[in-house]
Amino acid sequence: VICVLVAAEKVGFNGSPLAYLSPEASGQNLLLGANFASAASGYNDHGTLIKAISVSQQLKYFKDYQAKLAVVAGSSHARSIISGSLYIICAGSCDFVYNYYINPFLDTNQTAEQFSDRLVGMFNNSVTQLYEMGARRIGVFSLPPFGCFPMAITLYGHGRSGCVSRLNNDAQYYNMKLKAAVDSLSKKYHDLKIVVLDMYAPLYNLATSPVSQGFTEAKRACCGTGTVEASILCNSLLPGTCPSARTYVFWDVWHPSEAANKVVVDSLVDEINNLVA
């Protein structure tokens, strides 16, 4: 999510649009867009073990948003706003991290490749729905190198400190299928601008060669011991938490630091500019 916020700043926003379900997302504020994101969300509606608003539900909220926008702006102006807006999709990571890798009913009944194929099919359907509702500028983030995250190394590294190849291979396969789906959508809808925003390569480079880019630590996160802590455990009161995350690639065991996200987004400037040109 931080990566999406940094991307928004790159195109002139001061921050994220208002959360669609917040009371403030009404009236004239609807003219400024809305944020439908949900922490730990994904494409897979029923398999996740974490409660979150799925992408399919977010699309339903977007349809509701369109109806409310038409009341505020008028139908013609609303359609213009919808078609001229920038849409950022950041999903898929939690489908793997909080779903496939920890759900024994999934990882024993289907391969990671089969799971990826299902997710990309859901992605394709989601973009098709967005297009039919008027979206014409879509940026979609790739999966990151899961195997380089501190939690992955802790759980699956078998005592080694390097990235876990199996998890990175899963992400790369998904990203390959995602790119093929985006290329197909571009050919199908000639007035659709859609690009993959590749976070895998820049984040992998940070995780494996941090010093070359001004970082000092990539194996452990800033939070606590840097090996297992995440979410609400990450605060200045937790023993061991670093005094400044600016030189850490990871803030907690599943999330890059803000400094790392800025490096990732800086590598995507051309793709982002092409979307808004």
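A few notes on this one:
- In the stretch 172-226, the residues that are among the charged types (D, E, K, R) and in contact with a Phe, Trp or Tyr (Cβ under 6 Å, 6 or more places away or on another chain): Glu217
- Matching residues in the stretch 93-119 - criterion: being more than 20 Å from Ala37 (Cβ to Cβ) and buried (at least 21 other Cβ atoms within 10 Å of the Cβ): Tyr100, Phe115, Ser116
- Between Thr208, Thr241, Thr216, the distinction of being among the hydroxyl-bearing types (Ser, Thr, Tyr), surrounded by 16 or more Cβ atoms within 10 Å (Cβ to Cβ) and either in contact with a Ser or Thr (Cβ under 7 Å, 6 or more places away or on another chain) or farther than 23 Å from Ala91 by Cβ (or both) belongs to Thr241 only.
- Pairing residues of the stretch 13-28 that are closer than 16 Å to Ala67 by Cβ with residues that are assigned to a loop (DSSP other than H, G, I, E, B) and aromatic (Phe, Trp, Tyr), at Cβ distances under 8 Å and at least 6 apart in sequence or on separate chains, gives Tyr20/Phe36.
- Every residue from the stretch 139-171 that is among the β-branched types (Val, Ile, Thr) and either touching a Phe, Trp or Tyr at 6+ places or on another chain (Cβ under 7 Å) or not in a helix (DSSP H, G or I) (or both): Val140, Val164
- Number of positions in the stretch 102-116 that are in contact with a Phe, Trp or Tyr (Cβ under 9 Å, 6 or more places away or on another chain) and either within 24 Å of Gly139 (Cα to Cα) or in contact (Cβ under 8 Å) with a residue 12 or more places away in the chain (or both): 5
- Count of the stretch 182-205 residues, restricted to those that are over 14 Å from Ala171 (Cα atoms) and hydroxyl-bearing (Ser, Thr, Tyr), is 3.
- Flag for Leu143 being more than 24 Å from Arg220 (Cβ to Cβ) and touching a residue at least 24 places away in the same chain (Cβ under 8 Å): no
- Restricted to the stretch 72-102, and to residues there that are in a helix (DSSP H, G or I) and of a type in the set (Phe, Trp, Tyr), the residue that is farthest from the chain's Cα centre (by Cα) is Tyr100.
- Filtered by the rule that a residue be buried (at least 19 other Cβ atoms within 10 Å of the Cβ) and farther than 19 Å from Glu271 by Cβ, the stretch 128-150 gives Phe146, Gly147, Cys148, Phe149, Pro150.
- Any hit, the stretch 153-171, residues being under 15 Å from the mean Cα position of the chain (by Cα) and modelled with pLDDT of 95 or more: yes
The values are calculated or read from the model by the stated rules, or taken from the named source; none is laboratory data. This structure is a prediction, so every number in the text was calculated from the model and none was measured. Please note: Cβ atoms are built from the backbone with ideal geometry, for glycine as well, and neighbour counts cover all protein chains shown.
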